[in-house]
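Worksheet: the structure to be examined is printed underneath.
The values are calculated or read from the model by the stated rules, or taken from the named source; none is laboratory data. These numbers come from a predicted model, not from an experiment. Positions of Cβ are generated from backbone atoms using ideal geometry, with glycine treated the same way; all protein chains shown enter the neighbour counts.
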Amino acid sequence: MNSFRRTVSIHDIQDEWSIVQAAQANPAAFRPLYDKYFEAIFQFIYNRTQNEEVSADINSQVFLKAMQRLGDYTFKGVPFSAWLYRIASNEVAQWYRQNKRLRVVSVEETNLASMFEEVFEDDLERYRPYLISALDELKEADLEIVEMRFFEQRPFKEIAEVLNITESNAKVRTYRVLERLKKIIINRTGGAK
């Protein structure tokens, strides 16, 4: 299993909850949350659109909705950013539906390698050339899980929060997607595993 670099202490999460509560009481106190997450949310959106102007528009919409719905936010033991990522994910999906565009996935070689090792413990070199094209055959929801887990290196708990599912379900869905990916690649290569 991979070791993921994204860790947040419970103390940091609780401190952040205090900031959120202050912003719920006074909208002017939202600024520290905006400053902390603006760039990360923009990058999350940009990785999915590969269009700076569209990303900026969607990012503005995400923070506007976050401010409007801040009173509905409840603490669930994960960073506030998970809630923002859920809003961003929904806004990106809505943008794709409205504009009938093909979804974009930003792939980095190091993260691709870690995912590939989970799919194929052996015969890495035989199947490696087929991995990126096999990603094109995944459904959007499956691709989103792959993106969050392997390209953005999010822990299952955060993926669960973004997708509004249980952590256990996030794990199951991730491994089911990996199995589908493996079958696609094996079918393409005519290999039997």
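Quick rundown of the values:
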item: Only one of 143, 138 that is part of a loop (DSSP other than H, G, I, E, B) and either modelled with pLDDT of 85 or more or out of contact with any helix residue (DSSP H, G or I) (no Cβ under 6 Å at 6 or more places or on another chain) (or both); result: 138
item: Hits in segment 47-81 - residues which are under 19 Å from residue 140 (Cα atoms), modelled with pLDDT under 90 and either touching a Phe, Trp or Tyr at 6+ places or on another chain (Cβ under 6 Å) or in a helix (DSSP H, G or I) (or both); result: 47, 48, 49
item: Failed criterion for residue 156 (all others in (1) touching a Ser or Thr at 6+ places or on another chain (Cβ under 8 Å); (2) more than 18 Å from residue 79 (Cα to Cα); (3) aromatic (Phe, Trp, Tyr) hold); result: (2)
